[in-house]
Amino acid sequence: MSIVGNIAAIAKGMSITFGEIFQPTLVENYPDGKGPLRGAVLEARYRGAHVLQRDEDGLEKCVACFLCAAACPANCIYIEAAENTEAVRISSSERYAKVYNIDYNRCIFCGYCVEACPTDAITHGHGFELATLNATNLVMRKEDMLVPVSALTAAK
């Protein structure tokens, strides 16, 4: 390529750059913007923080089958199972997850756990504010992820 061609290519690139300099800057106004998520716009298939679902009766959907932990390539899900009793019924099955932890230090948000769950107990929510200065705050426990019973009654 000749020197004239090189200079023409540089001039064309600089003309585009100088044209963009005088255009107004488009900024998404998070966290002070409008809307329920305060300016954040999320797609419907966004994979955010995990949510443990409940059934219509308010019982936990998780039956501690360990399929989500087995499907996880990052090995970030830890589950301990316990047996339901007639007096204390946590889930509709004979077992429930006594301990359900997800370590977001290791989670890659691949969605394999959601696909592997036979009861649709674990889903991806729209929570995205997970940043922290302390890594121990990124280990989410069952109590942090479980849908509150009050949310079910409000939906009816």
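In this structure, does Glu56 turn out to be surrounded by fewer than 13 Cβ atoms within 10 Å (Cβ to Cβ) and without any contact (Cβ under 8 Å) to a residue 60 or more places away in the chain? Even if it seems obvious, please write down each step before you answer.
Details: surrounded by fewer than 13 Cβ atoms within 10 Å (Cβ to Cβ): yes; without any contact (Cβ under 8 Å) to a residue 60 or more places away in the chain: no.
The answer is no for Glu56.
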Review point. When the residues of the range 103-136 are filtered to those that are small (Gly, Ala, Ser) and surrounded by 12 or more Cβ atoms within 10 Å (Cβ to Cβ), which remaining residue is farthest from Ala70 (Cα to Cα)?
Key: Gly127
Revision key, fill the gap. Of Gly33, Gly39, Gly48, Gly19, the only residue that is at pLDDT below 95, touching a strand residue (DSSP E or B) at 6+ places or on another chain (Cβ under 6 Å) and surrounded by fewer than 17 Cβ atoms within 10 Å (Cβ to Cβ) is Gly48
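Just give me the residues in the range 44-61 being farther than 22 Å from Glu129 by Cα and touching a helix residue (DSSP H, G or I) at 6+ places or on another chain (Cβ under 8 Å), in sequence order.
Arg54, Glu56, Gly58
For the range 77-104, enumerate the residues that are closer than 22 Å to Met140 by Cα and aliphatic (A, V, I, L, M).
Selection gives Ile77, Ile79, Ala81, Ala82, Ile90, Ala97, Val99, Ile102.
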Check your understanding: Assuming Val139 fulfils every condition listed in (1) without any contact (Cβ under 8 Å) to a residue 60 or more places away in the chain; (2) under 14 Å from Lys61 (Cα atoms); (3) surrounded by 15 or more Cβ atoms within 10 Å (Cβ to Cβ); (4) of a type outside the set (Asp, Glu) apart from one, which condition is it?
Key -> (2)
Review point. Do we have Ala81 as of a type in the set (Gly, Ala, Ser) and touching a helix residue (DSSP H, G or I) at 6+ places or on another chain (Cβ under 8 Å) here?
Key: no
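The values are calculated or read from the model by the stated rules, or taken from the named source; none is laboratory data. These numbers come from a predicted model, not from an experiment. Here the Cβ is made from the backbone with ideal geometry for all residues, glycine too, and neighbour counts use every protein chain on show.
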